[in-house]
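Here's the structure, in structure tokens; my notes come after.
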Amino acid sequence: MFKRCLGFAVLLLAVAGLSAQLPPGGPLPAGVPVDPVVAERNLRTRVEPEYPEAARVARVQGTVKMSVTIGANGRPQAIRVVSGPAMLREVALDAVTHWVWEPFLRDGRAVAVVTEVGVDFRLR
């Protein structure tokens, strides 16, 4: 019965234009799941992290992936690192705390959502 209800909830989210794709790594903070592509379109302010000097010298590159709960006001409420190079995680997490999204609407009301974001670090 639970699987059937869960399947129905996923179907409803898909019909409503919201993704049921969830990031790995255990329970998520409360919020409506939103596909990362949809979340990217709503992003209004993106603060880029400063490349840590130790990581630059060590030639560490990669993407830090995080699960983010975005509040009804468009600001991060909770952020959890899912994967990425350890030397880059802290600065990526700090940068995302300053990001701002256009509030996500459901039935005309702003709602909290959960999505996954990535912060890329590439050396030139």
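The values are calculated or read from the model by the stated rules, or taken from the named source; none is laboratory data. These figures come from a predicted structure and were not determined experimentally. Cβ atoms come from the backbone with ideal geometry, glycine included; neighbour counts cover every protein chain shown. All accessible areas refer to the heavy atoms of the entire protein, side chains included, with ligands and DNA or RNA removed. Shrake-Rupley method; radii C 1.70, N 1.55, O 1.52, S 1.80 Å.
So the values come out like this:
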| item | result |
| --- | --- |
| Ser83 vs. criteria in contact (Cβ under 8 Å) with a residue 12 or more places away in the chain, open to solvent by 40 Å² or more (accessible area, probe 1.4 Å), closer than 24 Å to Ala30 by Cβ and among the hydroxyl-bearing types (Ser, Thr, Tyr) | yes |
| Complete set of residues in the stretch 113-124 that are over 13 Å from Arg46 (Cβ atoms) and crowded, with 18+ Cβ neighbours inside 10 Å | Val113, Val114, Thr115, Glu116, Phe121 |
| Counted residues, the stretch 95-122 - those being in contact with a helix residue (DSSP H, G or I) (Cβ under 6 Å, 6 or more places away or on another chain) and polar (S, T, N, Q) | 1 |
| Residue that is most open to solvent (accessible area, probe 1.4 Å) [pool: residues in the stretch 53-80 that are β-branched (Val, Ile, Thr) and not in a strand (DSSP E or B)] | Val57 |
| Contacts under 6 angstrom Cβ, first residue in the stretch 24-43 being under 13 Å from Val114 (Cβ atoms) and outside any loop (DSSP other than H, G, I, E, B), partner hydrophobic (A, V, I, L, M, F, W, C) and at pLDDT 85 or above, 6 or more apart | Val32/Val111; Val32/Val113; Pro33/Val114 |
